[in-house]
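Everything below concerns the one structure shown next.
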Amino acid sequence: MKIEDANKLALERLELSEPILIDLKQAIDVVPDMKSNRIHHAGPPIDWEEMSGPMRGSIIGTAILEGLVKSEEEADEAIKNGDIELGSNHDHGTVGPMAGPVGATTPVFVVKNNHHGNLAYSPVHEGLGKVLSMGNYSENVLDNLRFVRDVLQPIISKVLNRMGGIPLNPLMSEAIVRGDELHNRCKAGTCMFVEQMVPHLLHVTNKEEFVEVFEFLTTNPQTFLQPVMAACKATLDSASGIEGSTLLTCYSRNGSTVGLRMSGTGNKWFIAKAPMIKGLYMPGYSEEDACPDLGDSAITEVAGLGAMVMAGSPAMTLLVGGSASQAASYTMDMYDITMTESKIIRLPSLDFRGAPLGVDVRKVVETGISTKHNTAIAHREPGIGMIGAGIVEAPMEVFTEALLELSKKLEK
Amino acid sequence: MKFDETLNNDLKIIAAGIDSFAEDLTEQGVDVINVDWQPPASGNPELISLLQKLQNK
Amino acid sequence: MLYTNIIRNTYYDSLTLMRLSSNLSSLKGVKQAAVMMGTKLNKEFLKDANLISDEVLQASPSDVCICIEVEDNSFVKSVSETIDDFFNNMHSQKDVIRRPRSISKAMDNMPDANLAVISVPGIYAAEEAKKALRAGLNVFLFSDNVSLDDELMLKQEAEKNDLICMGPDCGTGIINGVALGFANKVHRGNIGIVGASGTGIQEITVLIHGLGEGISHAIGTGGRDLKKPVNAISALTALKSLKDDEKTKVIVFVSKPPDKEIEEKVLMELSKCGKPVIVLFLGSNPPNELPQNIHWAKNMEDVAKCAVALLKDEEIPPYSIEDGINKIEKSRIKDEIEKLDKNQTFLRGLYSGGTLCDEAIFILAEMFSEIWSGHNVGSGVKELENPFASVGHSLIDMGEDIFTRGKPHPMIDYGTRISRMLDEAEDEEVAVILLDVVIGYGSHPNPKEILIPTIKKIRESGKQSNRYVSIVASVCGTDIDPQNLEEQTKALEQEGVLVFSSNAKAAYAAGLIANKAL
């Protein structure tokens, strides 16, 4: 197939995608290949020895939570001798925030792409501050996750089943109009998401459970990020593996390396060293303390959200200097590397122009403009947590390597 | 626009390259957009030929 | 000590507050600073950072908590000023003006664009020009180093769509009164020009302006248009347009001598255009028979005079350069000759305009038995083996590639020409240095500023060795050019430079001086 035709088909798949949030289930029940002694993580696959601090911490915590080990030392040994298997989320239809740990009993949102039938998964966002996904596995953090597993999961599952699923495109579309960029800022989306569930929540909970669940969902402004990430994954996966297509389908980071996937080269990872992040740090911290780029959440930009739509998120403009025109120029740059404009996500500040959609890897290499990603910044040591927020650029080499591979494939 | 028609119309110019050419046009009151032109693939000849190859596929 | 300030019932986004925290942290006397909304989670953070106080513990999630550890009380003032400043000046003035990064993206903002002016490095130029032509734009392609194959491809693409590709290596154009590239500001009028030579067009438009007439359009084609594989595609497109253009009453066609069969083709087209035509194929003789409407000119001054006469429907006066030099000029030439030593006999021409240089060569070739050129001009003119070192009467086009590699053109950057001037002036056998000073759009904003100190240096060093070198120049420009013809001329004349109104006259006068024969 010609590249232009392949890309046309890939874009059509993106545009027809209709992600629906259908359930919250334990990973072992839904995630491909998941078993009781497996743990999946964010980013491209990486050896235990090469993992960053937060990534190691998150895997140790998950192993403890799953009852596989009792201590860091035991976890280290079990992983080294193969008693615990590791794998990449993206290789198993999953996307997680930051280190993104998913064990057998980790509850994951299940999003179905209604048009194409494929599924994607994402764990529940734990909240801000000290969390397992930033490598903290203190007892408080694990307790919070036990609550998610034991209380939240069955309740939300019932709610979603009662509702018959929640179509995510309309929610995402409105959240953008209300000023979210749906990566670092999901406040409006979280409100609307919870609002829709409340009547059903009242049906399936007692008063105490309701208060607990309601508080958990609403005190964390990033709650909605996880259904969004799964929606992005379900949408992009449907356009993956189209022979000859130069559509970017995945970009993800594990704190040590970053990996890219392109439709025409299927599930092959193109890997480079993870860059450091320019950003705003919390008091007392600086770039020296930061872990290199981390997390599956860059999937939002690949799907046309986050930094791609900076122009539409007034509160996010401070991340890029403070003026509306600076934020707008970020989004305008992205139109130079994308193939089309979204019919779902529209930006009021650009007179309702459709968001830049469908990154063409060729255009990235040609213009030298890389994809930009909004992101949280984790401390390089496990246990400390989030120390800032910023913007990071994907390294150019992963884009050029993908093109070289495609060119080789097409010559065959 | 056909060249002979262009001779009877106001010039609307897109400029790429030397900035002073665009500045001189602006000074003459001409409607001009000065492209922020960069060499493709940062001027890397191997990547340029790769892109051309993929452009024609 | 801990400084705490609570702003009640006020909301700021965490990014705003992080920015303020980081501003405060960088102040002198501040050990650490945190500004946060008073949420439960944030209070825990402040506690861990030892920035907590009772006031903060009691703050609500809708209060802004400013918690700063300062070295002592004396720093509190600068801290509170910084806070006030921040909130008072949150409105950012840093507007970003974003320019589109490609011609096709620029088309989104200007869908009715009709011309692309392209001056990117040669290796990228053909690709950009092709994109512009395919998008329906006419192209003015200033870039050089475009292959002949690409030139042919571009011109065929243009022809197919009734567009024009002016260039590659097109220096000058005036379309509808708009100066493109290196061009002079001249009156609009009824003389149309097609030219395969940039400074040729400049000199002719300037001289026509000086004679009180004006230009309808001046269309450059690039130097290779009249060479073989290209077959004058752009020149013929330009001619056809001028033929149909109501404003154009007289047509000028200027180029280096074309290939013979192309010359015939062009003359054939010119004969059919129904308008009076002046042809200048620099350095070549007219064919035995010329069509009736075509007048053959000797040089660019001749072209301008003929064009104006034809426009006014007057008889064409006989032309000689000599007749154009007036009494005052003659006496100045005489004065110059008297200042020279016996052994000062050579002329050195240092040019920035290629066609101006060629014109001077052809004029001087009739005055001297041996002329050297820095590049191949044919017609029995000898080519210097090393263009960096003059011998005898030498004329150098310093706009040739060999001089400009990695540098701006000598019409913009006088550096190379100035150091060559100083070298030539040191040569004891040199009688006269001949220059062109091209002004107008694109050129150096004020050449006199560069030339005057150089000339002063030459005069100074001449005094010490008791030797005088004559300097002769023409300024190619008009009274309405941004650099102003009069200002440039006067400044040069004040330093004893003989300035002429045309390059032809300047070359001729320099020849007289070197010959010491008036």
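The values are calculated or read from the model by the stated rules, or taken from the named source; none is laboratory data. Remember, predicted model here, so these are calculated numbers, not experimental data. Note that each Cβ is placed from the backbone with ideal geometry, even for glycine, and that neighbours are counted across all protein chains shown.
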- [ ] Inspect region B:44-53 for any residue being modelled with pLDDT of 90 or more and either in contact with a strand residue (DSSP E or B) (Cβ under 9 Å, 6 or more places away or on another chain) or in a loop (DSSP other than H, G, I, E, B) (or both) and give the result as yes or no.
- [x] yes
- [ ] Answer yes or no as to whether C:Val139 is modelled with pLDDT of 90 or more, within 12 Å of chain B (Cβ to nearest Cβ) and surrounded by 15 or more Cβ atoms within 10 Å (Cβ to Cβ).
- [x] yes
Task: Members of region C:121-132 found to be under 24 Å from A:Thr338 (Cα atoms), without any contact (Cβ under 8 Å) to a residue 24 or more places away in the chain and more than 7 Å from chain B (Cβ to nearest Cβ), listed by number - done: C:Glu127
Task: Count - residues of region C:331-344 that are outside any helix (DSSP H, G or I) and surrounded by fewer than 21 Cβ atoms within 10 Å (Cβ to Cβ) - done: 4
Open item on the list: Need the failing condition index for C:Val178 against (1) surrounded by 24 or more Cβ atoms within 10 Å (Cβ to Cβ); (2) under 19 Å from the mean Cα position of the chain (by Cα), just the number.
Closed with: (1)
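Residues are listed down the side, and each one gets a yes or a no for (1) modelled with pLDDT under 90; (2) crowded, with 21+ Cβ neighbours inside 10 Å; (3) closer than 19 Å to C:Asn89 by Cβ:
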{"residue": "C:Thr4", "(1), (2), (3)": "no, no, no"}
{"residue": "C:Ile7", "(1), (2), (3)": "no, no, yes"}
{"residue": "C:Thr10", "(1), (2), (3)": "yes, no, yes"}
{"residue": "C:Met36", "(1), (2), (3)": "no, yes, no"}
{"residue": "C:Glu44", "(1), (2), (3)": "yes, no, no"}
{"residue": "C:Ser53", "(1), (2), (3)": "no, no, no"}
{"residue": "C:Val56", "(1), (2), (3)": "no, yes, no"}
{"residue": "C:Pro61", "(1), (2), (3)": "yes, no, no"}
{"residue": "C:Val76", "(1), (2), (3)": "yes, no, no"}
Task: One residue from B:Ala16, B:Ala22 being more than 7 Å from chain C (Cβ to nearest Cβ) and either buried (at least 20 other Cβ atoms within 10 Å of the Cβ) or among the aromatic types (Phe, Trp, Tyr) (or both) - done: B:Ala22
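Going by the conditions given, is B:Gln52 over 18 Å from C:Val139 (Cβ atoms), polar (S, T, N, Q) and more than 7 Å from every other protein chain (Cβ to nearest Cβ)?
On the way: over 18 Å from C:Val139 (Cβ atoms): yes; polar (S, T, N, Q): yes; more than 7 Å from every other protein chain (Cβ to nearest Cβ): yes.
When the stated conditions are applied, B:Gln52 passes them.
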Open item on the list: Being hydrophobic (A, V, I, L, M, F, W, C) and either more than 14 Å from C:Arg332 (Cβ to Cβ) or part of a loop (DSSP other than H, G, I, E, B) (or both) is true for just one of C:Leu512, C:Leu435, C:Leu492. Which residue is that?
Closed with: C:Leu435
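Among the candidates A:Val258, A:Val302, which residue alone is within 13 Å of the chain's Cα centre (by Cα) and crowded, with 24+ Cβ neighbours inside 10 Å?
Unique residue meeting the criteria: A:Val302.
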Task: Flag if C:Glu71 is touching a residue at least 40 places away in the same chain (Cβ under 8 Å), over 30 Å from A:Thr218 (Cβ atoms) and surrounded by fewer than 20 Cβ atoms within 10 Å (Cβ to Cβ) - done: yes
TODO: Mind counting the residues in region A:381-394 that are closer than 20 Å to A:Val359 by Cα and either buried (at least 18 other Cβ atoms within 10 Å of the Cβ) or not assigned by TED's automatic domain parsing to the domain that holds A:Ser370 (or both)?
DONE: 3
TODO: Report, by residue number, each residue of region C:345-387 that is in contact with an Asp or Glu (Cβ under 9 Å, 6 or more places away or on another chain), in a loop (DSSP other than H, G, I, E, B) and not hydrophobic (A, V, I, L, M, F, W, C).
DONE: C:Thr345, C:Ser352, C:Gly353, C:Gly374, C:His375, C:Asn376, C:Pro387
Task: Among the residues listed as C:Ile452, C:Ile402, C:Ile433, the single one being surrounded by fewer than 19 Cβ atoms within 10 Å (Cβ to Cβ) and farther than 23 Å from C:Asn184 by Cα - done: C:Ile402
Task: Odd one out for C:Gly399 among (1) part of a loop (DSSP other than H, G, I, E, B); (2) out of contact with any Pro (no Cβ under 7 Å at 6 or more places or on another chain) - done: (2)
TODO: For region C:152-162, enumerate the residues that are touching a strand residue (DSSP E or B) at 6+ places or on another chain (Cβ under 8 Å) and in contact (Cβ under 8 Å) with a residue 60 or more places away in the chain.
DONE: C:Lys155, C:Ala158
Open item on the list: If the requirement is being β-branched (Val, Ile, Thr), within 12 Å of another protein chain (Cβ to nearest Cβ) and touching a residue at least 12 places away in the same chain (Cβ under 8 Å), which of these qualifies: C:Ile191, C:Ile201, C:Ile208, C:Ile118?
Closed with: C:Ile118
TODO: Give, as residue ranges, the helices (runs of 4 or more DSSP H) completely inside region C:237-325 that count at least 3 residues that are away from chain B (no Cβ under 14 Å), within 25 Å of C:Cys170 (Cα to Cα) and at pLDDT below 95.
DONE: C:260-271
Open item on the list: Please go through region C:28-51 and give me each residue that is in contact with a strand residue (DSSP E or B) (Cβ under 8 Å, 6 or more places away or on another chain) and in a loop (DSSP other than H, G, I, E, B), ordered by number.
Closed with: C:Gly29, C:Gly38, C:Ala49, C:Asn50, C:Leu51
Open item on the list: Please verify whether C:Ala106 is assigned to a helix (DSSP H, G or I), within 14 Å of chain B (Cβ to nearest Cβ) and more than 30 Å from C:Gly29 (Cβ to Cβ), treating the condition exactly as stated.
Closed with: yes
Task: Scope region A:269-298; condition assigned to a loop (DSSP other than H, G, I, E, B) and more than 19 Å from the chain's Cα centre (by Cα); matching residues - done: A:Met282, A:Pro283, A:Gly284, A:Tyr285, A:Ser286
Open item on the list: Given the condition part of a helix (DSSP H, G or I) and more than 7 Å from every other protein chain (Cβ to nearest Cβ), answer yes or no: does some residue in region B:30-40 qualify?
Closed with: no
Task: Check on C:Asn184, over 28 Å from A:Tyr330 (Cβ atoms), touching a helix residue (DSSP H, G or I) at 6+ places or on another chain (Cβ under 7 Å) and either within 11 Å of chain B (Cβ to nearest Cβ) or without any contact (Cβ under 8 Å) to a residue 24 or more places away in the chain (or both) - done: no
- [ ] Hand me the list of helices (runs of 4 or more DSSP H) wholly inside region A:140-246 holding 2 or more residues that are in contact (Cβ under 8 Å) with a residue 40 or more places away in the chain and either touching an Asp or Glu at 6+ places or on another chain (Cβ under 7 Å) or farther than 24 Å from A:Thr94 by Cα (or both).
- [x] A:153-163, A:168-177, A:187-204, A:207-219
Task: Test: residue in region C:451-466 that is outside the structural domain of C:Asn285 (by TED's automatic domain parsing), in contact with a strand residue (DSSP E or B) (Cβ under 8 Å, 6 or more places away or on another chain) and of a type in the set (D, E, K, R) - done: no
Task: Any pair with Cβ under 8 angstrom, 6 or more apart, that starts in region C:289-316 at a residue that is of a type in the set (Lys, Arg) and ends at one that is assigned to a loop (DSSP other than H, G, I, E, B) and modelled with pLDDT under 95 - done: C:Lys298/C:Tyr319; C:Lys305/C:Ile316; C:Lys305/C:Pro317; C:Lys305/C:Tyr319
